[in-house]
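The values are calculated or read from the model by the stated rules, or taken from the named source; none is laboratory data. On a predicted model such as this, the values are computed, not experimentally measured, just so you know. Cβ coordinates were reconstructed from backbone atoms using ideal geometry, including for glycine residues, and neighbour counts include every protein chain displayed.
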Amino acid sequence: MRRTLFVVASKSGKTLETLSQYFCFLHHLNVAGVRLPGSSFVAITDPGSYLAQLAAEYSFRRTFFNPADIGGRYSALSYFGLVPAALWGVDLHAVLDSAVGMRAACAPAGQASANPALELGALMGAGARNGADKLILLTTPALASLGDWIEQLVAESTGKEGKGVVPVAGGTLLAPEIFLGGCVVAALRLEGENASRLDAIGESLKSHGVPSVGIALGRPVGLGGEFFKWEVATAVAGAVLGINPFDEPNVQESKDATARILEHFQSSGHLPASAPRLVERGIELHTEDIVRHRISTLRLSEALRTFLGLGQPGDYLAVLAYVDRNETHGRALEALRATLGERLRLPVLLGYGPRYLHSIGQLFKGGPPAGLFLILTAAKVEDVAVPGAKYSFAQLQMAQALGDLESLGRRNKPVLRLHLTRGAEDGLTQLRSAVEQALSAPFPASG
């Protein structure tokens, strides 16, 4: 703890999770007797933000003021991306040289047919306008986190006014037929990695006429160019769709709902969660509005079967898990995702809460009128109080899950919440078993 440097990054300076974590670590530094604990922190924020005020008040080691006109998801090549990269020892000159080279390749003075951002943006935008609104992101392992970044950029930028590109990032490389119909594919590789499985899927997709693009990076610093290309391409896709790719009109809804729920909790001492409709295998089932009268609650497997049967052609399934993001849970969720994708023949998105609220969550609320949403919450083995607040981190996380549930329900989205009362590890095992049982009988394809 005494030798740790904490980077606190928030454009607005008011992101609830970021501030809660900051005050938690500040508390631990004070308890450890660290003199001048503020010197253990650096801030990255916009000028005049609340975080900028905190940084001055607590004498942070350094504050990096980012240009205020750069949106958060477009900030990979600003201080938000470059400061952490420098701390990791990345060659920033090489990264920025790559970005400058891509800027030249994408300049309006060049030929449109040779403009990589224009090609990519047109593929996404035209695909979405013509019913192929799923962007399947296939990557070799070293570029998996790039897929997560693209997911946020594309979803938050294009998912509004009932339109959008639905990015499907991460996960096991599934059978090609799952991707057929209603999608375009981007396959990203780092040269030198084993990409045989990626190549096989690419060839199969090409033979079926699925629109696709292949992107190869010669070395990791080439990410600078990819950041620039995808940012411009996403703006182009927004123009094709006729929306503003630089606003995010629906992100605040879940934040406001969370704030109301926390206020209720601090005044009443309990969270406003509904009574479970069913309890089985240590899993509580909660339904809302549109789903309440359309699914069976005789058994957990039947509830899941009838809920998943609500899917329509062109839909996707989003599994939104408010569990610790660790290797054990990751394997369990990816196995669940693979089972659902292979059986339903639907794109299955996987998001960790509350992270997804700041990434793909905008698309869920403002994007195309599609999607089934399975929210997973879990009892916590350990919990930590948020210093200065009347709630803990687990209670904050639950409030965020309930807030998003409320926002999705308000839009009549099919949403189901499963609470794992015996914790995430046992609960995910039981859930996968219930899903396999639910889908063991012949199941009507959605597409």
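Considering the conditions (1) assigned to a helix (DSSP H, G or I); (2) within 27 Å of Ala132 (Cα to Cα); (3) of a type outside the set (Gly, Ala, Ser), Leu320 is excluded by exactly one of them, (1). Restricting to segment 88-103, name every residue that is hydrophobic (A, V, I, L, M, F, W, C) and closer than 17 Å to Ala235 by Cα. Ala99, Met102, listed by residue number. Residues being over 21 Å from the mean Cα position of the chain (by Cα) and surrounded by fewer than 16 Cβ atoms within 10 Å (Cβ to Cβ) are entirely absent from segment 315-338. Can you confirm whether Gly33 is at positive phi and either in contact (Cβ under 8 Å) with a residue 60 or more places away in the chain or touching a strand residue (DSSP E or B) at 6+ places or on another chain (Cβ under 6 Å) (or both)? Taking the combined requirement at face value, the residue does not satisfy it.
When Leu198 is tested against (1) farther than 30 Å from Leu96 by Cβ; (2) at pLDDT 80 or above; (3) under 24 Å from the mean Cα position of the chain (by Cα), only condition (1) is not met. All of Ala379, Ala385 fail the test of being in contact with a helix residue (DSSP H, G or I) (Cβ under 9 Å, 6 or more places away or on another chain) and in contact (Cβ under 8 Å) with a residue 24 or more places away in the chain, apart from Ala379.
Of note, Pro211 does not satisfy the criterion of being surrounded by 21 or more Cβ atoms within 10 Å (Cβ to Cβ), within 29 Å of Gly361 (Cβ to Cβ) and either in the same structural domain as Ala335 (by TED's automatic domain parsing) or in contact with a strand residue (DSSP E or B) (Cβ under 6 Å, 6 or more places away or on another chain) (or both). Cβ-Cβ contacts under 9 Å between residues 6 or more apart (or on different chains), taken from a first residue in segment 288-313 that is in a helix (DSSP H, G or I) to a second residue that is modelled with pLDDT under 85, are listed as Arg305/Ala441; Arg305/Phe443; Leu308/Phe443; Leu308/Ser446.
Residue-by-condition table, conditions (1) buried (at least 24 other Cβ atoms within 10 Å of the Cβ); (2) at pLDDT 95 or above; (3) at positive phi:
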position: Ala132; (1), (2), (3): no, no, no
position: Ala144; (1), (2), (3): no, no, no
position: Thr158; (1), (2), (3): yes, yes, no
position: Gly164; (1), (2), (3): yes, yes, yes
position: Ala169; (1), (2), (3): yes, no, no
position: Thr172; (1), (2), (3): no, no, no
position: Leu180; (1), (2), (3): no, no, no
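Among the residues of segment 413-420, are any in a strand (DSSP E or B), among the charged types (D, E, K, R) and within 19 Å of Pro276 (Cα to Cα)? Yes, segment 413-420 has at least one match.
Yes/no matrix, rows are residues, columns are (1) touching a Lys or Arg at 6+ places or on another chain (Cβ under 7 Å); (2) under 30 Å from Leu363 (Cβ atoms); (3) not in a helix (DSSP H, G or I):
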position: Lys11; (1), (2), (3): no, yes, yes
position: Glu17; (1), (2), (3): no, yes, no
position: Ala43; (1), (2), (3): no, yes, yes
position: Thr63; (1), (2), (3): no, no, yes
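Inspection of segment 82-94 finds no residue satisfying the criterion of being touching a Leu at 6+ places or on another chain (Cβ under 8 Å), buried (at least 20 other Cβ atoms within 10 Å of the Cβ) and touching a residue at least 60 places away in the same chain (Cβ under 8 Å). Does segment 219-227 contain at least one residue that is buried (at least 21 other Cβ atoms within 10 Å of the Cβ), charged (D, E, K, R) and over 30 Å from Ala434 (Cβ atoms)? Yes, segment 219-227 contains at least one residue that is buried (at least 21 other Cβ atoms within 10 Å of the Cβ), charged (D, E, K, R) and over 30 Å from Ala434 (Cβ atoms).
Per the listing Ala117, Ala99, Ala142, the residue uniquely under 30 Å from Asp315 (Cβ atoms) and in contact (Cβ under 8 Å) with a residue 12 or more places away in the chain is Ala117. Test Leu363 against the stated conditions and say whether it is buried (at least 18 other Cβ atoms within 10 Å of the Cβ), out of contact with any Leu (no Cβ under 8 Å at 6 or more places or on another chain) and either of a type in the set (Val, Ile, Thr) or assigned to a helix (DSSP H, G or I) (or both). In short, yes. Scanning segment 1-60 for residues that are exposed (fewer than 15 other Cβ atoms within 10 Å of the Cβ), within 21 Å of Leu357 (Cα to Cα) and either among the small types (Gly, Ala, Ser) or touching a His at 6+ places or on another chain (Cβ under 8 Å) (or both) yields a total of 1.
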